[in-house]
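The values are calculated or read from the model by the stated rules, or taken from the named source; none is laboratory data. Since the structure is predicted, the reported quantities are computational estimates derived from the model, not experimental observations. Positions of Cβ are backbone-derived with ideal geometry, glycine not excepted, and every protein chain shown enters the neighbour counts.
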């Protein structure tokens with residue numbers, strides 16, 4: 001199988017898995033929104049994830065995975081019997097688990113101070129107490145993810161994408177179980193605890209579904225604790241700048257929660273509901289493609305095949321732009337009907353829809369920026385360059401927090417969302433600018449032409465969607481939202497074909513390819 005064919009298959013597998021993950025995530029959010037709405041208890045629930053998510057991202061999630069995959073790949077390639085590679089992986093797994101356990105314990109002990117001074121200082125005392133209790137439960141899932149996250153990195157390095165792609169699906173199912181089966185068993189007013197317990201169930205599912213793949217690949221993972229191991233040292237050296245970058249990135253989320261806690265009740269929940277909807281296309285297109293291409297970029301860099309690396313990178317950027325620009329335009333124009341179609345039922349009323357759609361309209365074009373960042377940052381990680389993404393993340397944080405603070409009074413959660421969108425584009429542009437010297441082979445004039453064609457096709461699609469909204473004003477909500485998506489996709493596809501956008505031409509062959 002050719003490299004391009006393999007990458008296409010890998011990307012397709014991950015995209016399908018992420019699509020299902022996002023479908024179940026939206027299903028999860030529908031159930032949560034219907035049962036709890038955008039309320040004070042949901043504000044507490046969303047705020048409770050700040051410390052657990054930070055621990056996961058820094059110790060066992062994105063930071064570790066980005067550093068671990070290139071090192072593990074090198075060990076596998078240079079050692080025929082692979083025993084040294086498995087010993088290194090086992091040591092990293094053990095150390096990350098112990099660190100996560102320590103960090104989670106400290107976070108649980110100091111949770112009241114964290115919530116009161118950093119995360120949600122403007123919450124009522126009752127909300128703060130609820131947030132603390134929920135955070136302590138969710139921290140249990142963080143410890144489980146310390147194992148599951150590295151298992152995902154191991155399987156990605158082995159070019160096994162299927163089961164890791166479906167792990168988020170079963171995680172969402174765990175939370176759904178918490179909402180539907182556990183929450184109803186709780187006393188009235190405490191049912192939100194069912195969601196936190198569901199996160200623990202989901203984390204166990206996330207780990208368990210990947211174990212058969214480890215068995216298939218005859219993984220030799222076992223408890224090893226050796227702080228002097230050279231492989232661990234390499235991972236830590238690579239991981240430190242990435243962890244610092246993620247700390248900066250996640251500081252944005254903490255400050256976002258902090259700012260939103262200053263707004264009326266339910267605004268933080270609306271902001272998170274909008275973020276989840278924006279993440280649907282971003283994850284399906286940006287994250288899925290980036291995860292599939294990252295091991296290949298790391299391998300090409302280790303082989304010093306710079307020309308093929310540049311080609312792979314540019315092809316990936318074109319694919320992402322072709323998919324995300326129209327998605328952003330569609331999300332912007334259809335924000336209210338999409339939010340109403342997805343969320344408006346039960347405890348989630350029209351006022352909640354207006355707040356969520358308002359935030360989503362400012363988040364929409366972040367689909368493009370966040371998707372591009374997934375690939376551009378991973379090109380640096382493939383080159384074992386962790387410092388430049390750190391500097392770019394610092395610039396992003398300054399822009400995002402400063403702009404959010406400035407816009408908060410006038411635009412509320414819309415200002416917070418707009419600041420996020422502007423900040424991520426600043427980060428991407430800085431990384432692309434530095435890439436001129438880091439990988440000059442990636443400078444390709446045809447990429448600008450491809451961008452121009454995509455923008456033209458998306459503009460025509462936007463005009464058609466605007467006409468659709470006028471024509472369908474007052475009609476059935478699901479017809480407006482669903483029909484708008486179909487009309488937009490059809491118009492964009494036709495115009496893209498007329499303009500000769502190659503990625504659109506390849507899509508049917510990719511989906512129909514066998515063998």
Query raised in the report: When the residues of segment 49-84 are filtered to those that are within 18 Å of the chain's Cα centre (by Cα) and in a loop (DSSP other than H, G, I, E, B), which remaining residue is farthest from residue 304 (Cα to Cα)?
Result: 49
Report task. Give the residues of segment 219-252 that are touching a helix residue (DSSP H, G or I) at 6+ places or on another chain (Cβ under 6 Å) and in a loop (DSSP other than H, G, I, E, B), sorted by residue number. Result -> 220, 221, 222, 223, 224, 225, 226, 229
**Report entry** Enumeration of residues in segment 379-394 that are surrounded by fewer than 23 Cβ atoms within 10 Å (Cβ to Cβ), in a helix (DSSP H, G or I) and within 20 Å of the chain's Cα centre (by Cα)
**Finding:** 390, 394
Query raised in the report: Can you tell me how many residues in segment 85-121 are in contact (Cβ under 8 Å) with a residue 60 or more places away in the chain and either surrounded by fewer than 17 Cβ atoms within 10 Å (Cβ to Cβ) or not in a helix (DSSP H, G or I) (or both)?
Result: 4
Report summary line: Those residues of segment 345-363 which are touching a residue at least 12 places away in the same chain (Cβ under 8 Å) and under 20 Å from residue 482 (Cβ atoms) amount to 345, 348, 353, 356, 357, 360, 361
Report task. Looking for whichever is farther than 29 Å from residue 307 by Cβ, over 28 Å from the mean Cα position of the chain (by Cα) and either surrounded by fewer than 19 Cβ atoms within 10 Å (Cβ to Cβ) or modelled with pLDDT under 85 (or both) here; the options are 499, 477, 512, 486. Which one fits? Result -> 477
Query - Answer residue from segment 465-474, given it is in a helix (DSSP H, G or I) and either within 25 Å of residue 315 (Cβ to Cβ) or without any contact (Cβ under 8 Å) to a residue 24 or more places away in the chain (or both) and is farthest from the chain's Cα centre (by Cα) among those - result: 471
